[in-house]
1. Within segment 188-225, list the trypsin sites (Lys or Arg not before Pro) lying in a DSSP loop whose Cβ has at most 16 other Cβ atoms in a 10 Å radius.
2. Would you work out which of I35, L183, A203 lies farthest towards the positive end of the dipole of the chain? Charges go on Cβ: Lys and Arg +1, Asp and Glu -1.
3. What ³J(HN,Hα) values, in whole Hz, does the Karplus curve 6.51 cos²θ - 1.76 cosθ + 1.60 give for segment 42-53 when θ = phi - 60°, with x put for Gly and Pro?
4. If the only charges are +1 at each Lys and Arg Cβ and -1 at each Asp and Glu Cβ, what is the size of the charge dipole of segment 1-107 around the Cα centre, to the nearest 20 debye?
5. Once you wrap a convex hull around the alpha carbon atoms of segment 74-115, what is its projected area averaged over all directions, in nm²?
6. Out of residues 5 or more away from I211 or on other chains, whose amide H comes under 5 Å of its own, with H placed 1.01 Å from N in the peptide plane?
7. Using 0.36 nm per residue of separation minus the Cα-Cα distance, give me the extension gain between A196 and R64 in nm, one decimal.
8. How large is the charge dipole for segment 102-208, taken about the Cα centre, if only the Cβ atoms of Lys, Arg (+1) and Asp, Glu (-1) carry charge, to the nearest 20 debye?
Amino acid sequence: MPFGSYQVPAEVVEAALRAAERLGRDVADVPIAEIAREAGLSRSTLLRRIGGTRQALDEAVRQRGVDPGGQRPVRERAIEAGAHLIGAHGLAAFTLEAVAEAAQCSAHSLYAVFGGRDELLRAIFEAYSPILDVEKVISGPHAGLAETVAAIYRLLAEALTREPRVMPAMLATVLARPGEPALQGLLRHFAPRVLAGLGRWLADEVAAGRIRPLPVPLLIQQMIAPAVMHFMTRPALEQVPGVALPDVEETCAVFTEAFLRAVAMP
């Protein structure tokens, strides 16, 4: 594996690749000391074996078909790969081994970055659900009740219709297997956030006299359940001859008006 006239030993290249996998980094981002430790050498010995420069090692890694600094971080690749697995095959296909293969990393790297399957699933849910954007809307500059509700519906629509279809796949599992341990873990982690965010906003609207004094969990369900059902089934309904659906923006406007008619104070 030449760089100029220098050839890096194959075992050093293997050690660099193993260290990169273990740390969840590109080879170019792995310290020389870590590569030396992986190879069972001192730092000075390793430097002699690669000709005293990282360039020789990077070139040797390229010769192996791996870009030493071109791949995105393992975290990003794993979240994206896991989302595509869930969207295409459901939650049953979501294993660390399958994610590692799709993300072109090792399962050990996933453990190092996330700590386990449940933590990776939480990261995927946070990235592909509307929870972060909804939190921004309700904690940002105060808008009118109708404007805020409409914004929340638009965020739900985006999360439920975009590819990969992570949210519909997870919700389908909720309906089919509500006791699924992974989903129970998600609920324990995110339900308090939803109550602290969306729930607190609804409670404040009740306290201000803009919304009828109904139990907050029921208000949340009354707001999101119709939209969830619609956008989960919309792709199938669009294939039915004779069924004409309004566009997404008009649909969100209809849901906004219906929710306000049901719960808003005169």
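What follows is calculated from the coordinates using simple rules that are stated; it is not laboratory data. Computed from a predicted model, the values in this text were never measured in an experiment. Every residue, glycine as well, gets a Cβ built from its backbone with ideal geometry; the counts of neighbours run over all protein chains shown.
1. Working: sites: R188, R193, R200, R210; in loops: R210.
Sites meeting the loop and neighbour criteria: R210.
2. Of the listed residues, the answer is I35.
3. Going residue by residue, I get 7, 4, 5, 5, 4, 4, 5, 6, 9, x, x, 9 Hz, with x marking Gly and Pro.
4. Values: 13 positive and 14 negative charges, 72 e Å.
Value, rounded to 20: 340 debye.
5. Details: hull surface 9.6 nm².
Taking the Cα atoms of segment 74-115, their convex hull projects to 2.4 nm² on average.
6. V206, M265
7. Extra length from A196 to R64 when fully extended: 42.5 nm.
8. 240
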